[in-house]
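Below: the structure, in structure tokens.
The values are calculated or read from the model by the stated rules, or taken from the named source; none is laboratory data. Source: prediction; values computed, not measured. Positions of Cβ are generated from backbone atoms using ideal geometry, with glycine treated the same way; all protein chains shown enter the neighbour counts. Accessible surface areas use protein heavy atoms only, side chains included; no ligands, DNA or RNA. Shrake-Rupley method; radii C 1.70, N 1.55, O 1.52, S 1.80 Å.
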Amino acid sequence: MKENLREDYDYILYFGRISLDSYNRLSDTLEIKQQESNNTKGYFIPVTVGGHPDSAYRMARALGHHYPDDLKVLVPDICKSAGTLIAIGATELVISDRGELGPLDVQLQKKEELFEMSSGLDIIQSMVVLQEQVMEAFRSYLMEIKLGSGLGTKIASKLASEMASALVSPISSQIDPMRIGEHQRALRVATWYGTRLNKKFNNTNDENIYNLITGYPSHGFVIDRKEASEIFKNVRALDDKELAIEKWLRKQTANFNNLADGDAVVICLNDWLDKTPKQKTSGEVNNDEEIAEHDSESTEEVVENTGEPVSENQERPAGNTEHS
């Protein structure tokens, strides 16, 4: 397996949700690798449902800082929302047949609900539907009044407008202007982050970033390699060595089972292979021992097996956490 890694590249695996804690874990790993190898090129291999856009932005900046010569994002499975934001900061996207990105959809806490999130796209879709319903009602009423009563266009239009307004007012009265502002502000933050990250390697443009935020109907919408190639300039399929890496990772993790939506696990694949017993690299490695599930106990096992600083209790190395 190790023969499939390029010596001048670091390979950083990332599994789980994106948060401030995951940014710190990634920064720890990158700082250690800088001391060990000083490579200026890297692969970032995420499997994530997304998470916090602020943390995703900092993660992308950290990756770009440590790998200024070439940063490839290899997408073997799902890389949604905030994961797509990180992908904007890459030199090149390498997307497998089973890999997918998603819209830049900011998740917000639901009002008066604990532990439940709402999509930033919800308010946009709601306003679009409401507008369509108002226009359809107005046109329908106008035609019926005009043709049915013989009234003039001005009077018919006024009556149709009042009737359409009365129809939708019970719905529109439930819309909270403060909530609309909150959603719009969050989506604007994603736009600004995207445009700033794109300045590093210029792999897309502002129009495409805006479309990633507003041009899709749902959080889970699939952006496969073909569609991604219409959004980003440098997108390709995996070559033979990259495909071998994907197949090996799928075998070790049971197709990344339950890894995308848990606590973050950050592993340097180069170090993992150095520390993995030879007999295990040719067969399936136990998921609990090597790649860890998303509880604190299995996260500690990843630390023991890989040497990566993903434990909450492990002392973090000193280093600059700001990235250019």
For K275, go through the lysines and keep the ones whose alpha-carbon is under 26 Å away, minus same-chain ones fewer than eight residues off.
K2, K33, K41, K72, K241, K247, K251
Hey, rough spin-label estimate for Q131 and N211, points 7 angstrom out along Cα→Cβ, what's it come to in nanometres?
1.9
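With a cut-off of at most 15 other beta carbons within 10 Å, and DSSP calling the residue loop, which trypsin sites (Lys or Arg not before Pro) in segment 1-98 qualify? Please list them.
Values: sites: K2, R6, R17, R25, K33, K41, R58, R61, K72, K80, R98; in loops: R6, R17, K80, R98.
Qualifying residues, ordered by number: R6, R98.
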So what is the diffusion coefficient of segment 1-103 in µm² per second by Stokes-Einstein at 20 °C and 1.002 mPa s, using a Kirkwood Rh over Cα pairs?
159
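Find out how many positive minus negative residues lie around F221, taking Lys and Arg as positive, Asp and Glu as negative, among other residues whose Cβ is under 11 Å from that of F221. The partial results should precede the final answer.
Details: positive: K80; negative: E100, D105, D224, E227.
Net local charge, F221 excluded: -3.
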Would you kindly find the accessible area of Y14, with a 1.4 Å probe and non-protein molecules such as ligands, DNA and RNA excluded, rounding to the nearest 10 Å²?
0
Quick calc: nm separation of the 7 Å Cα→Cβ label points for R196 and S169 -> 4.4
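Only loop residues by DSSP count here, and only those with at most 16 other Cβ atoms within 10 Å; note down the GluC sites (Glu not before Pro) in segment 1-93 that meet that.
Values: sites: E3, E7, E31, E36, E92; in loops: E7.
Answer in residue order: E7.
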